[in-house]
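Below: the structure, in structure tokens.
What follows draws every value from the coordinates through simple rules; no lab data is involved. Keep in mind that this is a model prediction, so the values were computed, not measured. Neighbour counts are summed over all protein chains in view; Cβ atoms, including those assigned to glycine, are modelled from backbone coordinates with ideal geometry.
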Amino acid sequence: MICVVILAFIFITPRAAFNDRPDFMRIPAGPAIRQTRDDNGRPVWIVKVRTEQDAVNRLKASLGGHVTISRTEPVYDATGTLVAYSICIER
């Protein structure tokens with residue numbers, strides 16, 4: 001009986017119930033570049049473009065001055081489609 005309950009939970013629960021991405025990995029329908037913070041409080045920039053190099057170039061042009069990229073990560077939507085890049089910088 002417990003197996004039936006577990007299987008029902010797995011197959012009936014909608015995917016949205018498991019949307020537990022950290023805030024810096026969520027992509028709202030807003031500006032193309034936005035700043036947020038990661039779990040450690042460091043600033044993270046979310047840039048909506050299709051390639052990593054375009055994301056880096058767009059962020060550098062937006063911020064102006066000299067910035068050093070410490071990490072970039074692709075951000076995917078619920079269907080697995082690339083929607084943006086998460087970029088950590090050092091100033």
Rough spin-label spacing in nm, given labels placed 7 Å along Cα→Cβ, for residue 67 and residue 37: 1.8 nm
Under 14 Å, Cβ to Cβ, from residue 55 - net charge with Lys/Arg +1 and Asp/Glu -1: +3
Local electrostatic count, residue 32, Cβ distance below 13 Å [Lys/Arg +1, Asp/Glu -1]: +3
Peptides 48-57, 81-90, 5-14, 66-75 ordered by average Cβ neighbours within 10 Å, highest first: 81-90, 48-57, 66-75, 5-14
